[in-house]
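These notes concern the structure reproduced below.
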Amino acid sequence: MSKETIKKVASEVEQKTKEIKGTGFQAGLWIVLVVLGVVGIIIFGIYKYFKK
């Protein structure tokens, strides 16, 4: 009984760790996309400003 309970808890913890890693990766991806977007807008603005 106790061995089964330990295994169950261990598998649940492992699953939660995977979920956190997944969302952490997604958050990192979103940060990269936002930074690239902001840099792109700034470069576009500078390009438009100097083209005048």
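A few notes on this one:
- Taking every protein chain into account, the accessible area of the chain amounts to 101 square angstrom per residue (probe 1.4 Å).
- With Cα atoms, 0 to 90° folded angle of helix 2-51 axis to the chain main axis: 0
- Within the full protein context, the accessible area of residue 36 is estimated at about 110 Å² for a probe radius of 1.4 Å.
- Structure-derived Rg and Dmax of the Cα atoms in Å: which label, when the choices are (i) 22.2, 71; (ii) 10.3, 30; (iii) 22.5, 77: (iii)
- Sum of -39500 (n - 2.57) over DSSP H runs of 4+, divided by residues of the chain (222 nm, nearest 500): -36000 deg cm²/dmol
- Under 19 Å from residue 8, Cα to Cα: lysines that are on another chain or at least 8 residues apart: 16, 18
The values are calculated or read from the model by the stated rules, or taken from the named source; none is laboratory data. These numbers come from a predicted model, not from an experiment. The protein model used for the area step is the full one, side chains on, heavy atoms only, and it has no ligands, DNA or RNA in it. Shrake-Rupley method; radii C 1.70, N 1.55, O 1.52, S 1.80 Å.
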